[in-house]
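Student: Quick one: the structure is below, and I'll ask about it shortly.
The numbers here are math on the coordinates, done by the rules we state, and not lab data. In this text the structure is predicted, and so the values were computed from the model without any measurement. Quick reminder, even Gly has a Cβ in these numbers, built from the backbone with ideal geometry, and neighbours come from all protein chains shown.
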Amino acid sequence: GMYLQLIILLSLTMSTFSLNTPNKKSFTIVIGNKTYSSWSLRGWLALRIAVGSKDELNEIVCPLVGAFGTNGNVNNDSKSRILSYSPTGKVPALIDHDLDNIVVYDSLAIALHVAD
């Protein structure tokens, strides 16, 4: 499914990845728990492959397990924390510090952004 599509996309674009290592900490990725949120894992994986080292990015984890109330809505505390990083209130969100802190907030868009 979607994992295979992402792997194919990354494989096809590997030749277009800039092999120049970005400045230290030029990206911040805001994710949910990687084992709970496959969307977060996809965005994190694309960024991790692109930058080559975990030391070159900031990673902020906003755990999603237990963040939802009994009616399925996000608790106000969790929602406020995510909204402080992501204008959509969703994860993953990539903050590109080299481009005036723009926020890319979709896992496929993140893969395409870091492939440029």
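Student: For residue 101 and residue 60 in the same chain, what is the full-extension length gain: residue separation times 0.36 nm, less their Cα-Cα distance, in nm?
Tutor: Between residue 101 and residue 60, full extension yields an extra 13.3 nm.
Student: Once you place label points 7 Å from the Cα toward the Cβ at residue 48 and residue 112, how far apart are they in nm?
Tutor: With each label placed 7 Å out from Cα toward Cβ, I get 2.4 nm.
Student: Turning to a different aspect of this structure: Can you give me the long-range amide H partners of residue 105? Hydrogens built in the peptide plane at 1.01 Å from N, cutoff under 5 Å, separation of 5 or more residues or another chain.
Tutor: 94
Student: Further question: Note down the nm distance, to one decimal, between modelled labels 7 Å out along Cα→Cβ at residue 88 and at residue 25.
Tutor: Using points 7 Å along Cα→Cβ, the separation is 2.7 nm.
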